[in-house]
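Here the structure is laid out as structure tokens; the discussion comes afterwards.
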Amino acid sequence: MRTAFLQLLKGETPDEIVWTADLSYWMEGRRADGTARAEWFTEEGFLELHREHGIFPYYYYPKFCAFAERFDGPVTVERQARGNITLQRITCPAGELTSESAWLPESCCSGTTKHFIVKERDLDIFLDLLQYRRLLPANIDDYRERMAVWAVWDGVPGLALPRSPLAALTAEWAGVESTAFLLADCGEKMRAAMDRLEEQEAPILDAVCALAPPIAHFIDNLSSENLAGLYDEFMAGRHRARLERLHAAGVAGVVHLDGTVRGLLPKLAKAGFDAVEALTPQPAGDLDPAEMRALVEGANTILWGGVPGVMFAPPYTWEDMRRHVERLLEAWQGYPFILGVADQVPPDGNISFCGKIAEIIR
């Protein structure tokens, strides 16, 4: 599958179907219930787990990000846990920003309950904080060595760029609601924040282009219902600028769209993305696979995903999954695609489905 994956990125017709699955959420579920194997959380054990289930290895989060965030000067960052609540406090000369997240044991994940930026005063503090923030390249120096190791396991290690500015604001700093209100009420300040965030990406983009991996991942976690109306004004140009740099260095660009699809998929294809990843169709998403294909017909953008994570768990059965995968393969036949779980195999998912899907492909 590694050869086929690289063929797809070069615009060639692949020799076989590539089958990817993000197993990290499922692994955390096994760690939470005490059934995980320790070796899964080593790089070699992670690769072996994928081999066991017939999956192309790609998502290894301990070394996924090509960047690390640093704060200089008079900035302090504190974390404090209170039961299932984690409080984070960032202090800079202009003031203090706080966020809260809650651990939810029933779903084996955490969610933000308060973002750093809620009102204009928080935005003013954030603009001051950005004077002391920088991004440094990470997981670059040993990437070529890891590529060689992963080739033995028939995989390619993913490498992620920072979230682009609007996506960073909605996911990391302000949330969707506050971002929308602040764009309406404090547009110039929000644009200044996005410009500064984009400037701070420069060392990462330089390092990734110099490294020239086969692919760079845009971890923007997009959904059409949130950002489609803002995309043309605030994201499209920044995406194109990044992609131009990457393509000049021979690097393909893929973006993570794991929410609703209709509004953003054609925009992302037009922006020049080589692939759009984690596409989630019905019964979990807003479109069926044939409708997704129709939205990008002629753009030659790789469709990546198509297998909803929810279908690994009850009430869905293997028979439901089998029928879905067969319909998906029929709908995407003759168009460049990567079969993938959208977005992750859940903690209560049946991992044996992965091997059975691999058998269908073979």
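Based on what the data block shows, is residue 349 crowded, with 23+ Cβ neighbours inside 10 Å, assigned to a loop (DSSP other than H, G, I, E, B) and either without any contact (Cβ under 8 Å) to a residue 24 or more places away in the chain or not charged (D, E, K, R) (or both)? It would help to see each step written out before you state the result.
Numbers: crowded, with 23+ Cβ neighbours inside 10 Å: yes; assigned to a loop (DSSP other than H, G, I, E, B): yes; either without any contact (Cβ under 8 Å) to a residue 24 or more places away in the chain or not charged (D, E, K, R) (or both): yes.
Yes, satisfied.
Looking only at the stretch 104-126, decide whether some residue is among the small types (Gly, Ala, Ser), touching a strand residue (DSSP E or B) at 6+ places or on another chain (Cβ under 7 Å) and either surrounded by fewer than 12 Cβ atoms within 10 Å (Cβ to Cβ) or under 26 Å from residue 347 (Cβ atoms) (or both). Looking through the stretch 104-126, at least one residue is among the small types (Gly, Ala, Ser), touching a strand residue (DSSP E or B) at 6+ places or on another chain (Cβ under 7 Å) and either surrounded by fewer than 12 Cβ atoms within 10 Å (Cβ to Cβ) or under 26 Å from residue 347 (Cβ atoms) (or both).
The set of residues in the stretch 1-22 that are surrounded by fewer than 22 Cβ atoms within 10 Å (Cβ to Cβ) and under 22 Å from residue 40 (Cα atoms) contains only 2.
Within the stretch 61-115, which residues are under 30 Å from residue 46 (Cα atoms), among the hydrophobic types (A, V, I, L, M, F, W, C) and not in a strand (DSSP E or B)?
As a first pass, look at the stretch 61-115 and keep what is under 30 Å from residue 46 (Cα atoms): 61-70, 79, 81, 84-86, 101-112.
Now drop any that are not among the hydrophobic types (A, V, I, L, M, F, W, C), which leaves 64-68, 81, 85, 102-104, 108-109.
Of everything in the stretch 61-115, those that are under 30 Å from residue 46 (Cα atoms), among the hydrophobic types (A, V, I, L, M, F, W, C) and not in a strand (DSSP E or B) turn out to be 64, 66, 108.
A residue that is surrounded by fewer than 18 Cβ atoms within 10 Å (Cβ to Cβ), out of contact with any Gly (no Cβ under 9 Å at 6 or more places or on another chain) and aromatic (Phe, Trp, Tyr) occurs somewhere in the stretch 41-53. Pairs meeting the criteria (first residue in the stretch 273-289 and on the phi > 0 side of the Ramachandran plot, second residue at pLDDT 95 or above and hydrophobic (A, V, I, L, M, F, W, C), beta carbons under 9 Å, at least 6 apart or on different chains) are 278/257; 278/304; 278/341; 278/342.
The values are calculated or read from the model by the stated rules, or taken from the named source; none is laboratory data. All values reported here derive from a predicted model rather than from experimental measurement. When we count neighbours, we look across all protein chains shown, and the Cβ atoms used for this are built from the backbone with ideal geometry, even at glycine.
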